[in-house]
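Engineer: Quick one: this structure, given as structure tokens, is what I'll be asking you about.
The values are calculated or read from the model by the stated rules, or taken from the named source; none is laboratory data. What you see is a predicted model, and the numbers here were worked out from it, not measured in a lab. So basically every Cβ, Gly included, is an ideal-geometry build from the backbone, and we count neighbours across all protein chains shown.
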Amino acid sequence: AMLSFLGRGRGGSGGGAVVEAAEAPIPSPDYLIRDHGGSDEKNSGKTSDGAADAAAGGSSPSVSLANGGALEVVAVATLAGHSDRVWCAAWEPHGRALATCSSDKTVRLWAPSAAAGGAWVTVAELDSVHSRTVRSVAWSPCGRLLATASFDGSTAVWVSEGGEWECAAVVEGHENEVKGCAWSPSGTLLATCGRDKSVWIWELQPGNDFECVAVLNGHTQDVKQVTWHPTEDVLLSVSYDNTIKVWEEDPGGDDWSCAQTVTAAEGGHSSTVWSVGFEPSGLRRAVTCSDDRTIATWTATGMQGMELSAAAKFPCGHDRAVLSVSWGKCGLIAAAGADNSVRVYGAAGDAAAGWHEVGTVAAAHYDDVNCVAWHPTQHDLLASCSDDGSVKVWSVRARVADAHAEAHGGGRDTP
Amino acid sequence: MEPRTELINPAPVVHRRKTLARGAALRTSRTHAEADEEARDGFDAEEIFEHIKDINDPEHPYSLEQLDVVSQAHVTVDDNTDRIKVAFTPTVPHCSMATLIGLSIRVKLLRVLPRRFKVDITVSPGSHSSEVAVNKQLNDKERVAAALENPNLLEKVDLCLNGQTVM
């Protein structure tokens, strides 16, 4: 793998040969202000006035500003219902619901209810299938199917028929706990991974059946999560063995194999890699987070021969493991910490400055935050879930004072 | 784990049980809700040690304190940042019971401490041949959670916590 220094990137186009953008700087992502999915305004160059609101530990965590930060992270809703730790949260691809899964062996779907005055309610409870912790939940791209991976060794696939959710299939094969599941961009392939060190790929058949098309061995330890490239049938897996692996189908189309392994030597991680995600648009970079307290971004070429190149690696302010990362359409990266925090990072207009913390909730939950997930259509919304059994929805936006000052020709933070 | 006829450490050294320096009240196991009510009470190393010293060794009818597997000196508490570190010393460097001992310590503290505490459990540096591997396993929250869903393992842990051996 080639190391790419910060500020340079290899432009990967999705539709053909790899296009090499010589020395092209990584464009600065857009920051969001207030509106949902609407006006994106660049906040590059905005610096913090140094004031930091102390993050309260307790019922209403306030927001603190890190150096250079300009955004506030405000709790919009707290979803209570699970009776044990919540491991994963995933938005339906059209933004119609939030799925969460828990050690209480159930999956819950949540949505704001007009009848309840806009409050978030549980719209479905998926239970009586898994006999142990449900660890991961993933929506198919069309939003019609929901996969749930469990410590009981199975992955269930649920379908909604006329508003009622039922279990359409249960795929088994892993020797022990299944930890991750993810759908390919076309929705025809489902990948699962687990403590048995393997990654399985299943193909969706007519009648919601699944056929195993590959069992991928290569990781030397527990595989924590899998994720697909947003447009290509390329799979990434991350593991307790500290590596990231790239899996691709062979040109003949018969077999899958490991195209690349990223270790610490290639700019990767020095401890368990917990989570991996892709930039949903634009350059389609990847992001990983680790027990080593860092977050790393990667440029990835498209088409055959996908190759990850280290783009940036930054200590992220977490003093404990970073358990989950999510790259939002707003251009920001969110991270969930075992230190109870939710943190948001942006890369300033000046690419050399790199990624830095732009929003923080130091005590987002009462316990470890296991997962963060950006809303697919409302670009300022972020979901988080925790060992404390709760799920929260946050709005990430410019501080009201800043927006006000800007509107009135100011632009400086009020002290 | 397979039943074993030979002990890992057939001749453990038993240390004299230390008497209490002061009468620290021993908090009994209770729910997290009750624990959180006392959330703001201060904790120190002595109190943490009180909770773990009587955990039984899996193999021998002696406590971790008596075998010098745990000692107060190896418990670090930062009450301001809610961080606790416990280092334990297996009686022999190749001890295969190390993860079970570590897990027992973790479960005991999980049951008695307020949720706000983050606990790191490691083997004392240099005390185990697979130190890095054991430490990693003991501090991977997902591995610990999955292990504790295993009724056989949980039963072994409870034996240790109840002053019994596993053998």
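Engineer: Go through the stretch A:137-153 and report how many residues are aliphatic (A, V, I, L, M), without any contact (Cβ under 8 Å) to a residue 60 or more places away in the chain and away from every other protein chain (no Cβ under 14 Å).
Structural biologist: The qualifying residues number 4.
Engineer: Scan the stretch A:371-384 and give yes if some residue there is buried (at least 19 other Cβ atoms within 10 Å of the Cβ), within 14 Å of another protein chain (Cβ to nearest Cβ), within 26 Å of A:Lys179 (Cα to Cα) and at pLDDT 85 or above, otherwise no.
Structural biologist: yes
Engineer: Continuing with this model, one more query. For the stretch A:57-74, check the following and say yes or no: at least one residue is closer than 14 Å to A:Lys392 by Cβ, touching a Phe, Trp or Tyr at 6+ places or on another chain (Cβ under 8 Å), at pLDDT 50 or above and outside any loop (DSSP other than H, G, I, E, B).
Structural biologist: For the stretch A:57-74, residues closer than 14 Å to A:Lys392 by Cβ, touching a Phe, Trp or Tyr at 6+ places or on another chain (Cβ under 8 Å), at pLDDT 50 or above and outside any loop (DSSP other than H, G, I, E, B): present.
Engineer: Would you confirm, using the coordinates I've provided, whether A:Ala156 is more than 21 Å from A:Trp274 (Cβ to Cβ), surrounded by 17 or more Cβ atoms within 10 Å (Cβ to Cβ) and more than 12 Å from every other protein chain (Cβ to nearest Cβ)?
Structural biologist: Considered against the rule, which asks whether it is more than 21 Å from A:Trp274 (Cβ to Cβ), surrounded by 17 or more Cβ atoms within 10 Å (Cβ to Cβ) and more than 12 Å from every other protein chain (Cβ to nearest Cβ), A:Ala156 comes out as yes.
Engineer: Here's something else I'd like to know. Evaluate the following for B:Thr76: is it within 16 Å of B:Ala45 (Cβ to Cβ), of a type in the set (S, T, N, Q) and within 14 Å of chain A (Cβ to nearest Cβ)?
Structural biologist: No; evaluated as a whole, the condition is false for this residue.
Engineer: Identify the residue in the stretch B:98-157 that is acidic (Asp, Glu) and away from every other protein chain (no Cβ under 14 Å) and, among all such residues, is surrounded by the fewest Cβ atoms within 10 Å (Cβ to Cβ).
Structural biologist: Restricting to residues being acidic (Asp, Glu) and away from every other protein chain (no Cβ under 14 Å), the top hit is B:Glu155.
Engineer: Quick one: which residue in A:Trp200, A:Trp165 is closer than 25 Å to A:Ser324 by Cα and crowded, with 16+ Cβ neighbours inside 10 Å?
Structural biologist: A:Trp200
Engineer: Shifting gears a bit: For the stretch A:314-348, give me the residue count where each residue is outside any strand (DSSP E or B) and more than 16 Å from the chain's Cα centre (by Cα).
Structural biologist: Number of matching residues: 7.
Engineer: State the number of residues belonging to the stretch A:92-136 that are within 14 Å of chain B (Cβ to nearest Cβ) and either free of Cβ contacts under 8 Å to residues at least 40 places away in the same chain or not in a strand (DSSP E or B) (or both).
Structural biologist: 7
Engineer: Next up: Out of all the residues in the stretch A:338-346, is one or more buried (at least 23 other Cβ atoms within 10 Å of the Cβ) and among the basic types (Lys, Arg)?
Structural biologist: Yes: the stretch A:338-346 contains one or more residues that are buried (at least 23 other Cβ atoms within 10 Å of the Cβ) and among the basic types (Lys, Arg).
Engineer: A further question follows. What are the residues in the stretch A:161-186 that are touching a Gly at 6+ places or on another chain (Cβ under 9 Å) and either modelled with pLDDT under 95 or β-branched (Val, Ile, Thr) (or both), if any?
Structural biologist: Within the stretch A:161-186, just A:Val178 meets the criteria.
Engineer: Suppose we filter the stretch A:261-277 for residues that are surrounded by 21 or more Cβ atoms within 10 Å (Cβ to Cβ) and more than 14 Å from chain B (Cβ to nearest Cβ); how many remain?
Structural biologist: 4
Engineer: Would you confirm, using the coordinates I've provided, whether B:Lys85 is away from chain A (no Cβ under 14 Å), in contact (Cβ under 8 Å) with a residue 12 or more places away in the chain and either among the aliphatic types (A, V, I, L, M) or not in a loop (DSSP other than H, G, I, E, B) (or both)?
Structural biologist: So B:Lys85 does not fit the description; no.
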